[in-house]
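J.: Take a look at this one; I'll ask things after.
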Amino acid sequence: MLNAAKEKTGVAVTLDELIMLRTDAQSLVWRTRHISRAIQCGSKNSKEHGRGINFSETRIYQPGDDIRHIDWHATLRTDQTHTKIFHEEKERPIWLLVDHNPTMHFGTRHAFKSVIAARAAALCAWALSAQGERVGGLVFSGKKQLSVPPKDRLQAVLPLLKHLADSSVQPAPERDDNSLEQAFNFLLQRQLRGNLIIVFSDFWQWHNGLSARLQPLTRKNQCRAVIIQDPLEMDLPRGGYYSVSDGKNIYKLNTYNTDFKQRYQQQYQERQFMLQQALRQLNIPAIPLWTTDTLVTQLKTLFV
């Protein structure tokens, strides 16, 4: 367990802290219903678990429609036979992928990006499970992967929160620049279909080759990207000498060098443009999550 001083700095999260976020999650309401539409229900049982049959619309009767669904009120009113159309609302497993790679253990404001990602995932897990969603997740760092498959009610939430806390306190000892790709491979190997996948990451390990790799995943599932960012990554501080560390070595950053600052900013903008373009082509909506702003307020953009 972390001491109070370390927890307050935002360097790592504890299991108790993530559990306490359950109260804050009550203000997050998942408004988008996961609905699979069909003209009408067939006579065969579906392999997918359904929550029920909901009315969708009324349209003119067509040969083959079930006469039991005739809308007599519309038929009498228009003098044309109308039938009611229903859709089946189906459960959809939700995967929360949380990046805890070395670049995520960085922050210049309230907390490290890894802490923001853990808190955001915990809030989503509490909010979604409270609405009856089947929630699971994967925490990845270096060569380490900690996973919990989606389960009903709260069965997967506490194990996932424990993985988040453990990974926050003890990052993977070995660096792996392909960790993000391996996390996606974890899902690809499971041949998921009809799942919702939310990725919490700074996406520093993203490369162009991932676009083609992820097409099978995005075609059969819905994906969303939550991009964790710190203001210093976008704009270096004013002229001065700053010490930065990767946890092992200390480096001096000279921001008096205007050429260096311009090159850095240009590379940042190019990288962001490449990432946004790739996500757009894959039809993956992306929202930013900053280390500076209130977390619940920012997450409400995701819950629309």
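J.: Give all pairs with beta carbons closer than 6 Å in which a residue from the range 230-259 that is more than 14 Å from T108 (Cα to Cα) meets a residue that is in a loop (DSSP other than H, G, I, E, B) and of a type in the set (S, T, N, Q); count only pairs at least 6 apart in sequence or on separate chains.
T.: What qualifies is G239/T255; G240/T255.
J.: So, one more: Every residue in the range 269-290 that is surrounded by 15 or more Cβ atoms within 10 Å (Cβ to Cβ) and aromatic (F, W, Y), please.
T.: W290
J.: So, one more: Would you check which residues across the range 84-98 are modelled with pLDDT of 95 or more and of a type in the set (V, I, T) and list them?
T.: Matches in the range 84-98: I94, V98.
J.: Within the set of pairs 6 or more residues apart or between chains, which connect a residue that is within 13 Å of T292 (Cα to Cα) inside the range 97-123 to a residue that is small (G, A, S) and assigned to a helix (DSSP H, G or I) with Cβ atoms less than 7 Å apart?
T.: V115/S168
J.: Picking from Q269, Q215, Q281, which residue would you name as being farther than 24 Å from L138 by Cβ, more than 16 Å from the chain's Cα centre (by Cα) and assigned by TED's automatic domain parsing to the domain that holds P173?
T.: Details: Q215 fails: farther than 24 Å from L138 by Cβ; Q281 fails: farther than 24 Å from L138 by Cβ.
Answer to the check: Q269.
The values are calculated or read from the model by the stated rules, or taken from the named source; none is laboratory data. All values reported here derive from a predicted model rather than from experimental measurement. Neighbour counts are summed over all protein chains in view; Cβ atoms, including those assigned to glycine, are modelled from backbone coordinates with ideal geometry.
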